[in-house]
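Asker: Below are the structure tokens for one structure; questions will follow.
Read-outs throughout are calculated quantities, based only on the coordinates presented, and are distinct from any laboratory measurement. What you are looking at is a predicted structure, and each value in this text was computed from that prediction instead of being measured. All Cβ positions, even for glycine, are placed from backbone atoms using ideal geometry, and neighbour counts span all protein chains on display.
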Amino acid sequence: MLSLSPTLQTKLSTPLTIGTVQVNSRVLQSPLSGVTDLVFRRLVRRYAPSSMLYTEMVQASEIHHLQELPRVMEVDPQEHPISIQLFDCRPDFMAEAARKAVAQGADTIDINMGCPVNKITKKGGGSSLLRQPEVAAEIVKTVVEAVPIPVTVKTRIGWDDQEINILDFARRLEDAGAQMLTLHGRTRAQGYTGQARWEWIAKVKEILSIPVIANGDIFSVESAVRCLMETGADGVMCSRGTLGYPFLVGEIDYFLKTGQLLPQPSLDERLQCAKEHLQGLWEYKGQRGIYQSRKHMTWYVKGFPGAGELRDQLSRITSVEEGYFLLDSVLI
Ligand SMILES: Cc1cc2nc3c(=O)[nH]c(=O)nc-3n(C[C@H](O)[C@H](O)[C@H](O)COP(=O)(O)O)c2cc1C
């Protein structure tokens, strides 16, 4: 049977303190580019009323050149606590973007130092900052000085197996003023392959005073509990496990607070949720939202009976009605 030790249960049922911000949950919904827009976050929030949510990452230098802020920085007054995630390698642009994020209503600013995508690392952002620790620390320091809210960082354990420098890197970020570190237990070279190496999260937790959040391969309540026990981390962040399953953060949160497992959502509930997601994307983004919904819809039905063909059809929908028709066909 799944259970937490009484000490761990006590710790994990107390609020998470991120500098001046208190969050009444130790489970966080990660930033996911192309996924964690306002529509998705609303669904996560329904099941996880107090967890920290994150926007998709936003490039600071892009904001600098725009007249209007991009929609990814839009925050619903109902969805606090929320962090706006920024990336770039220029401290001045990051400070400017962070001030705009505060005006948007962000509760914290998160700095992305983990993205492995070439397009971003080539410009010196995301995980490439692991190779430029001085610049990374300078970014944190500059942003901390620019805004009155906590600044946090999300990163990986190193560039590749030859360069696992997270211990030194994490210390520098803390010294520069970061108020929380989320650590994805993979190197940049690993991308999303192989296993997350939680042992590195445990090592980082031992040397930092700020909260350390474990990330990587949290796909269930069971894996979250195992990760918390193995790492001693202050919380867990869910990522791919929430694709087509916005219930996950709430399920883990409920277990950490009560020691009880919530009943899994029924097939019908999952389909209703998919429909709401589709409708929401249509209302929020119009036809572009329908195109974006295709991947979400295929994730929702993963593992359902006859999912292969259904996924294929869902990946080509052009309207809400078409999506509803296909989703309803699951229950017939
Ligand atoms: C589709 C997708 C988009 C992502 N976008 C972001 C992002 O915008 N910012 C970020 O810090 N990490 C991003 N990540 C990384 C995740 O937040 C997370 O660190 C990673 O998936 C590891 O956790 P997991 O093994 O539970 O999926 C993204 C990952 C995926 C799969």
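Asker: Given R₀ = 25 Å, what would the calculated FRET efficiency be for V135 paired with A103, taking r from the Cβ atoms and rounding to 0.05?
Answerer: Step by step, r from the Cβ atoms, then E = 0.45.
Asker: Now for a separate question. Using a Debye calculation, one point per C-alpha and no hydration shell, please list log10 I(q)/I(0) for the chain at q = 0.12 Å⁻¹ in order.
Answerer: Debye curve over Cα of the chain, log10 I(q)/I(0) at q = 0.12 Å⁻¹: -0.83.
Asker: How far is helix 320-329 tilted off the main Cα axis of the chain, in degrees rounded to 10, range 0 to 90?
Answerer: 70 degrees
Asker: In degrees between 0 and 90, to the nearest 10, how far off the longest principal axis of the chain does helix 287-300 point, with axes built from Cα atoms?
Answerer: 90 degrees
Asker: So who's got an amide H within less than 5 Å of the one on S220, skipping anything under 5 residues away but keeping other chains? H placed 1.01 Å off N, in plane.
Answerer: none
Asker: Over the Cα atoms of region 113-190, what is the Rg over Rh ratio if Rh follows Kirkwood?
Answerer: 0.96
Asker: Can you pull out the trypsin sites (Lys or Arg not before Pro) in region 89-181 that DSSP calls coil and that have at most 15 other Cβ atoms within 10 Å?
Answerer: K122, K123
Asker: Counting only DSSP beta bridges with both residues in the chain, what percent are antiparallel, rounded to the nearest 5?
Answerer: Antiparallel bridges: around 10 percent, rounded to the nearest 5.
Asker: Which listed residue (I82, Q195, S5) has the Cα farthest towards the positive end of the charge dipole for the chain, taking +1 on Lys and Arg C-beta and -1 on Asp and Glu C-beta about the Cα centre?
Answerer: So the residue furthest toward the plus end is Q195.
Asker: Oh, and also: What is the dipole size for region 6-258, taken about its Cα centre, with +1 at each Lys and Arg Cβ and -1 at each Asp and Glu Cβ, in debye to the nearest 20?
Answerer: For this selection, approximately 300 debye.
Asker: Taking the chain as a Gaussian network, Cα atoms linked when under 10 Å apart, which of S83, S13, S33 shows the biggest mean-square fluctuation?
Answerer: Result for the chain, Cα springs under 10 Å: S33 fluctuates most.
Asker: A further question follows. Under the rule of -39500 (n - 2.57) per DSSP H run of 4 or more residues, summed and divided by the residues of the chain, what mean residue ellipticity at 222 nm is obtained, to the nearest 500 deg cm²/dmol?
Answerer: Taken over the chain, the calculation gives -13500 deg cm²/dmol.
Asker: Residues with amide H under 5 Å of R186's amide H, sequence separation 5 or more or different chain, H placed in the peptide plane at 1.01 Å from N; which?
Answerer: When sequence neighbours closer than 5 places are left aside, the close amide H contacts are I157, R197.
Asker: Rounded to two decimal places and with Rh computed the Kirkwood way over Cα pairs, what is Rg over Rh for region 267-329?
Answerer: With Rh from the inverse mean 1/r over Cα pairs, Rg/Rh is 0.93.
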